[in-house]
Amino acid sequence: MIHLTDICKQHGNRVLFKNASFQILPGSRSGLVGPNGAGKSTIFRLITGEESLDAGEISCGKKTVIGYFSQDVGEMAGRSALQEVIAASEATVALGEQIRTMEAQMCEPLADDEMAALLERYGDVQQEFEHRGGYDLESRAQAVLTGLGIGPDDYHSPVESFSGGWKMRIALARILTLNPDVLLLDEPTNHLDVESIVWLENWLAEDYQGALVMTSHDRDFMNRLVDRVVEVAAGSITSYGGNYDFYLREREVRREQLQASYKRQQEMLAKEEEFIARFAARASHAAQVQSRVKKLEKIERIELPPEQKVIKFEFAAPPRSGDDVIAIANLGKTWPRENGGETPVFSGITGNVQRGEKIAVVGVNGAGKSTFLKTLAGLTEPTGGTATIGANVQLGYFSQHSMELLDPKKSVFETVQDALPQQTIGVLRNLCAAFLFQGDDVDKRVDKLSGGEKSRLVLATLLGRPLNLLILDEPTNHLDIQSREVLLEALQKFAGTVLLVSHDRHFLRSLVGRVFEIDHGALLSYEGDYEYYLRKTGRDHRAA
């Protein structure tokens with residue numbers, strides 16, 4: 001379907017691909033992985049023609065329809081949400097108009113040969129229209145919008161009225177409704193809640209029949225959908241048959257085999273070079289020396305890929321808090337409406353948080369999870385009831401807003417040093433390295449950091465401080481899989497108490513032992529881990 005053959009691409013001095021190849025076959029499901037900056041998004045742009053190759057070839061079937069979703073949604077204006085989604089299928093809409101025009105022509109008197117030609121064209125256009133799902137285009141657009149959390153009440157709302165995150169959902173709905181032959185998805189789960197992610201998983205697994213190529217920081221999402229992982233790293237493209245977990249295991253096996261081959265080759269080369277050096281000056285061994293020199297020149301040298309550095313950092317034990325960390329009694333919160341009155345978020349919430357618990361706060365989008373965390377953290381006043389913080393509790397709070405509070409003119413190291421002024425330079429550098437700021441990265445200014453880097457920086461300043469209660473609102477947003485694993489390991493070792501909202505199910509499965517669900521303004525407590533919560537609520541079949 002699409003063939004990338006011996007492709008070469010360079011950005012400045014950085015070589016992304018050198019004679020790299022891979023294929024996208026009909027119905028295949030591929031996940032692109034690799035470090036930031038390796039060229040994953042560049043592959044999408046090369047396929048769609050937004051960037052050009054330095055060398056090599058990309059071939060694609062003439063009638064192949066490609067749908068590409070990226071994080072750059074562009075401008076949206078002048079249409080309703082539903083109209084915006086349908087507009088992306090303009091070719092399908094045009095086919096429908098052609099069908100109607102030809103049907104009108106068939107009602108007119110025509111010569112036999114003209115009618116035969118018209119009927120042939122009509123059959124071709126009708127077949128293509130049906131293949132593109134033209135007969136159920138509007139109903140499909142509505143179903144996709146609903147699945148992504150934009151219900152019938154908002155179908156006809158102007159796109160300008162939606163926030164950036166919701167516009168991302170509309171942009172994703174446009175591509176899914178297009179029903180292309182090849183679907184290129186660059187981080188489709190960003191800005192989606194768990195319910196929408198599960199819906200998207202099911203749609204891609206059960207309803208979409210075309211080829212899929214995607215990047216995602218959601219490990220569960222990758223594991224369920226892909227049957228091949230394509231690693232983009234060190235200028236090459238390497239395929240692994242299997243899901244993401246298989247890729248991690250197989251990569252280690254291949255790395256160990258490569259290291260063993262490299263070691264054997266180095267030992268052989270050393271012996272040959274020693275022989276050449278010892279007998280180079282002897283005429284009696286001239287032929288043997290020349291033979292071995294030629295042999296070495298022909299050998300293809302094994303190169304080891306650069307090792308990913310993993311820094312282990314032991315976080316200081318937090319001060320011990322009292323057993324009762326938060327006591328919640330009849331807690332309620334409303335937000336004022338612009339036109340008067342109030343919008344209730346939750347009410348009558350009662351419960352408690354004990355020392356050392358790690359609790360997930362879950363609920364459908366708009367249930368009030370973030371407001372609940374802000375109320376517990378004391379960042380917004382409740383309109384009823386109380387949330388009482390216990391004895392000797394040192395609280396740290398993280399949300400996406402936390403990144404906006406960073407000083408853009410300061411470096412990574414200066415930011416960490418300001419948060420932990422009593423620590424030595426060595427401890428601070430180790431803390432930075434534990435959150436993947438190594439070498440010159442510690443000198444980067446905050447205003448030059450990506451969203452993921454800013455998240456890691458704020459989390460480093462939180463986890464490096466002597467806190468015993470962490471309230472974290474979507475700490476995994478913007479983080480790639482490696483960064484999420486770093487954070488997960490840090491929180492698993494954290495001896496204090498954690499409440500968090502996250503849409504990363506692997507993260508929740510691996511961390512929490514208790515679940516709070518906010519449902520229609522009430523709090524339901526599940527005294528078990530995330531898997532227990534899924535089973536008790538009947539959601540396990542959708543999130544498995």
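Of the residues Leu508, Leu463, Leu467, which is farther than 19 Å from Asp529 by Cβ, touching a strand residue (DSSP E or B) at 6+ places or on another chain (Cβ under 6 Å) and assigned by TED's automatic domain parsing to the domain that holds Gln400? Selected residue: Leu467, the only one of Leu508, Leu463, Leu467 that is farther than 19 Å from Asp529 by Cβ, touching a strand residue (DSSP E or B) at 6+ places or on another chain (Cβ under 6 Å) and assigned by TED's automatic domain parsing to the domain that holds Gln400. Only one entry in Ala287, Ala281 is assigned to a helix (DSSP H, G or I), hydrophobic (A, V, I, L, M, F, W, C) and surrounded by fewer than 14 Cβ atoms within 10 Å (Cβ to Cβ), namely Ala287. Any chance you could count how many residues in region 506-520 are buried (at least 16 other Cβ atoms within 10 Å of the Cβ) and outside any strand (DSSP E or B)? The qualifying residues number 7. Checked against (1) at pLDDT below 90; (2) closer than 26 Å to Asn243 by Cα; (3) part of a helix (DSSP H, G or I), Ile175 passes all but condition (1).
Within region 150-166, residues that are within 18 Å of Val73 (Cα to Cα) and at pLDDT 90 or above have Cβ atoms under 9 Å from residues that are part of a loop (DSSP other than H, G, I, E, B) and of a type in the set (Lys, Arg) in these pairs: Pro158/Arg79; Val159/Arg79, counting only partners at least 6 apart in sequence or on another chain. Within the span defined as region 181-196, every residue fails to be surrounded by 13 or more Cβ atoms within 10 Å (Cβ to Cβ), without any contact (Cβ under 8 Å) to a residue 24 or more places away in the chain, at negative phi and part of a helix (DSSP H, G or I). Residue count for region 31-55 satisfying the condition of being in a strand (DSSP E or B) and out of contact with any Phe, Trp or Tyr (no Cβ under 8 Å at 6 or more places or on another chain): 2.
Scanning region 430-475 for residues that are more than 29 Å from His506 (Cα to Cα) and either small (Gly, Ala, Ser) or part of a helix (DSSP H, G or I) (or both) turns up Gly439, Asp440, Val442, Asp443, Val446, Asp447, Lys448. Screening Gly235 against (1) out of contact with any strand residue (DSSP E or B) (no Cβ under 8 Å at 6 or more places or on another chain); (2) among the small types (Gly, Ala, Ser); (3) modelled with pLDDT under 90 leaves a single unmet condition, (1). Checked against the criterion of being part of a helix (DSSP H, G or I), within 30 Å of Leu462 (Cβ to Cβ) and out of contact with any His (no Cβ under 9 Å at 6 or more places or on another chain), region 245-257 has at least one qualifying residue. Within region 279-307, residues that are farther than 24 Å from Ala234 by Cβ have Cβ atoms under 9 Å from residues that are among the polar types (S, T, N, Q) and assigned to a helix (DSSP H, G or I) in these pairs: Phe279/Gln288, counting only partners at least 6 apart in sequence or on another chain. A single entry from Lys298, Lys358, Lys333 fulfils the requirement of being loosely packed, with under 12 Cβ neighbours inside 10 Å and either modelled with pLDDT under 90 or among the basic types (Lys, Arg) (or both): Lys298.
Close contacts from region 400-426, counting a first residue that is touching a residue at least 24 places away in the same chain (Cβ under 8 Å) and a second that is part of a helix (DSSP H, G or I) and of a type in the set (Lys, Arg), with Cβ to Cβ under 7 Å and a gap of 6+ residues or different chains, come to Met403/Lys454; Leu406/Lys454. The C-beta contact set for region 87-109 (first residue at positive phi and basic (Lys, Arg), second residue surrounded by fewer than 16 Cβ atoms within 10 Å (Cβ to Cβ) and not in a loop (DSSP other than H, G, I, E, B), distance under 8 angstrom, 6+ apart or interchain) is empty.
Among the residues of region 16-30, those identified as part of a loop (DSSP other than H, G, I, E, B) and not hydrophobic (A, V, I, L, M, F, W, C) are Pro26, Gly27, Ser28.
Results for (1) modelled with pLDDT of 95 or more; (2) loosely packed, with under 12 Cβ neighbours inside 10 Å, shown as yes or no for each residue.
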{"site": "Thr375", "(1), (2)": "yes, no"}
{"site": "Val393", "(1), (2)": "yes, no"}
{"site": "Ser399", "(1), (2)": "no, no"}
{"site": "Met403", "(1), (2)": "no, no"}
{"site": "Leu420", "(1), (2)": "no, no"}
{"site": "Thr424", "(1), (2)": "no, yes"}
{"site": "Val427", "(1), (2)": "no, no"}
{"site": "Asn430", "(1), (2)": "no, no"}
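Flag set for Ser370, criterion: in the same structural domain as Lys448 (by TED's automatic domain parsing), under 24 Å from Pro336 (Cα atoms), of a type in the set (Gly, Ala, Ser) and within 29 Å of the chain's Cα centre (by Cα). Kindly establish whether His156 is surrounded by 12 or more Cβ atoms within 10 Å (Cβ to Cβ) and part of a loop (DSSP other than H, G, I, E, B). Considered against the rule, which asks whether it is surrounded by 12 or more Cβ atoms within 10 Å (Cβ to Cβ) and part of a loop (DSSP other than H, G, I, E, B), His156 comes out as no. Selection of region 521-536 for residues being outside any helix (DSSP H, G or I) and either touching a residue at least 24 places away in the same chain (Cβ under 8 Å) or within 17 Å of Asp473 (Cβ to Cβ) (or both) yields Gly521, Ala522, Leu523, Ser525. Filter region 439-450 for residues that are loosely packed, with under 14 Cβ neighbours inside 10 Å and within 23 Å of the chain's Cα centre (by Cα) and give the result. Selection gives Asp447, Lys448, Ser450. Residues in region 245-259 include none that are free of Cβ contacts under 8 Å to residues at least 40 places away in the same chain, touching a strand residue (DSSP E or B) at 6+ places or on another chain (Cβ under 6 Å), surrounded by fewer than 14 Cβ atoms within 10 Å (Cβ to Cβ) and within 30 Å of Thr5 (Cβ to Cβ). When residues in region 9-40 are screened for being without any contact (Cβ under 8 Å) to a residue 12 or more places away in the chain and under 13 Å from Ser236 (Cα atoms), 0 of them pass.
The values are calculated or read from the model by the stated rules, or taken from the named source; none is laboratory data. Bear in mind the structure is a predicted one, so any value in this text is a computation, not a measurement. Glycine also receives a Cβ, built like all others from the backbone with ideal geometry; neighbour counts cover every protein chain displayed.
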